[in-house]
1. Express the accessible area of segment 5-240 per residue in Å², computed with a 1.4 Å probe while the remaining protein chains stay in the model.
2. If you plug each phi of segment 31-48 into the Karplus form 6.51 cos²θ - 1.76 cosθ + 1.60 with θ = phi - 60°, what whole-Hz ³J(HN,Hα) values come out, in order, with x for Gly and Pro?
3. For segment 5-240, which whole percent of the accessible surface, found with a 1.4 angstrom probe, sits on carbon and sulfur atoms?
4. Given the Cα-Cα distance of Asn18 and Asn140 and 0.36 nm per residue of separation, how much length would full extension add, in nm?
5. For an R0 of 22 angstrom, estimate the FRET efficiency from the Cβ-Cβ distance between Ser2 and Leu221 and round to the nearest 0.05.
6. Show the residues, 5+ positions off or on another chain, whose built amide H is closer than 5 Å to the amide H of Ile192.
7. Based on Cα positions only, what radius of gyration and what Dmax would you give for the chain, in angstroms?
8. Between Arg213 and Arg28, with labels modelled 7 Å along Cα→Cβ, what's the label distance in nm to one decimal, could you check?
Amino acid sequence: MSSLIDTHFHLDFYPNHNIIYQNINKLRQYTLCVTNQPEIFESCIALYPTTQYLKFALGYNPKNIKDVKFNKKSFLNNIMKTEYIGEVGLDFVGKYKDNKSEQIDVFNFICEQSSKHCKLMSIHCNKAEKEVYSALKNSNNKKIILHWYNGNQFWLEKFLQLGCYFSINSSMMNSIKGKQLISNIPLDKLLIESDGPFSKIDGKVFTHDKLYRIYEDLERLIEKENIEKIIYSNFKKLLLI
Ligand SMILES: [Zn+2]
């Protein structure tokens, strides 16, 4: 039986989300569907029941900072409806860096709440390592996944010291920097994500039936067998923290 896990997937970004929801359950692929706003989380859980395989994470994507205000009330109303928080984080690249302090306030609040309620977080960190690190350190949450991490070795080590896990996708494995970073992550801190539809497999937008390919690519890259078992046990350990 398959025990593939995708720890970061955007179901609501696929026009045929209804069919995908059904297929993921049929394939028995454990999938964490992140959301970019608390209101979207609300719509998702109203449309689709949570199953053994498919869960929704309550999120606020920092890239929304200019267009959509963080709805604190909706976040608090929904936090007890899930064990997962994501996509959340900080993005200090391009136009998003104009709203640094606003982003930090929102992220600190989300970290405090997640820690208080012991929720697992899937975090976006783009050129904001120092601030993400201090928010995580201050809130002292141990259930952390850094998703599509693209920082440097110094910060990788700092995040490892905090006990963070790292979810790897196919686009990361296609870049030299990504490959280098992956080779420096301990085996027991590795997880797999698709970040579908924002990553690519063979030059095409990721689809859930290609999840096994990310596992195969990682096996080849780090020259380890049974990566499916390793990832499964890593995720299980993370859930029990
Ligand atoms: Zn994402």
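The values are calculated or read from the model by the stated rules, or taken from the named source; none is laboratory data. Since the structure is predicted, the reported quantities are computational estimates derived from the model, not experimental observations. Quick reminder, even Gly has a Cβ in these numbers, built from the backbone with ideal geometry, and neighbours come from all protein chains shown. To get the accessible areas, we keep the full protein, side chains included, count just its heavy atoms, and leave off ligands, DNA and RNA. Shrake-Rupley method; radii C 1.70, N 1.55, O 1.52, S 1.80 Å.
1. Ligands and nucleic acids excluded, the figure is 46 Å² per residue.
2. 9, 9, 8, 7, 10, 9, 8, x, 5, 6, 4, 4, 5, 4, 6, 6, 7, 10
3. Carbon and sulfur atoms account for 51 percent of the accessible area of segment 5-240.
4. 40.2 nm
5. It comes to 0.60.
6. Amide H neighbours of Ile192, under 5 Å, 5+ apart: Thr7, Ile168.
7. 16.6, 48
8. Once both label points are built, they end up 2.4 nm from each other.
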